[in-house]
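Have a look at the structure below, then the notes.
Bear in mind these aren't lab numbers, they're just calculated from the coordinates by the rules spelled out. Worth saying up front: this structure is predicted, and the values here are computed from it rather than measured. Neighbour counts run over all protein chains shown; Cβ positions are idealised from the backbone, glycine included.
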Amino acid sequence: MKAFITKITPWFPHKVRLQWDLEEVEESGVFNFIVERSGSPGGPWTAVTLSLPDTYLYDDLLATEGTNILSLARDIYYRIKATPPSGVLSAVYSAAVNLDGQAATDQIGPVPVMGFQVNDPAQHEDEPRTNQTKRPAIERRLRLLRRKILRDEYIRLRQLVGTEFYLLKRRHFGERCTVCYDAATREVVLSRCSNCYGTSWKYGYFTPVSVLAAAQASQVQSDTTSQTKDDLRLGHRLQMLDFPRVDEGDILVEKAHNRRYLVKQRYYTSLKTVTVHQTVITSELERQAVEYDVPVSL
């Protein structure tokens, strides 16, 4: 089993938004996660949550720390501890990432204690360190510009062009469906299963998350014959904030009319390799699709 952070977004002034996932999962059952924070990629690490069962995202609120913890000249590092159903002896850690989603190596000086300390044999730090070094001016400007773009994009979606959706995140780990999943062949034998909705994982999708998206012009492909010309729309394009990350196979539910869209493709708009928003291409599901049975609060 491997754990990794798929998305980290500083939400100024006092919140960091995290999302993670698992790969090479061989066990079935409830997985537990703990979010840990540090001033350096080598630790020491501080647990900022209790165990989070069966989830994939978390908002770390930093307002109570009493300092400008999202300073442009300072880095914070996060990692995820994932514990499978077999217990803590099989727990794994994700790589440590900073607020840009990258791991750095420059560390100096003492690190302030934040939250409660983690006493864990996986920590191999001789003494507390942090990398509160002065960042190059260009890198600080890029961080500030990214924050401004995210803020402006959020205001644009919230007040002008955005439509409210629910994101149904497709499960890739957890408890296997006991109704339709054949463990011998590793295949789903019932496509309209009301227990997993064809995903092979119990409940099918994680708890719905509210998101904003703006519709963009759809790409049109013309199908011309000797007698007719038909224009075929190749899918609905939606532009969203960069968090939470949306992947192929996820479902977007329009709150107003309960229309449900299957995510077929996604791509990002980046500023100097830093993602500022994402665009997804979707196709609307038929009303008879089993995904309409997934419960959401409209």
Taking the alpha-carbon centre of each part, the distance from region 187-216 to region 17-38 in Å is 19 Å
Assertion target for ILE76, ILE281, ordered by fewest C-beta neighbours within 10 angstrom first, is ILE281, ILE76
Packing-ranked peptide list from 187-193, 81-87, 38-44, highest mean Cβ count within 10 angstrom first, is 38-44, 81-87, 187-193
Sequence order, region 161-175: Karplus ³J(HN,Hα) from phi using 6.51 cos²θ - 1.76 cosθ + 1.60, θ = phi - 60°, Hz rounded, Gly and Pro as x, gives 10, x, 10, 7, 10, 9, 9, 9, 7, 5, 6, 10, 8, x, 9
Expected sort for 250-257, 201-208 on mean C-beta neighbours within 10 Å, highest first, is 201-208, 250-257
Most exposed first, judged by fewest Cβ atoms within 10 angstrom, PHE31, PHE12 run PHE12, PHE31
Cβ density ranking, 10 Å radius, fewest first, applied to MET240, MET1 yields MET1, MET240
Expected sort for 142-152, 283-293, 169-179 on mean C-beta neighbours within 10 Å, highest first, is 169-179, 142-152, 283-293
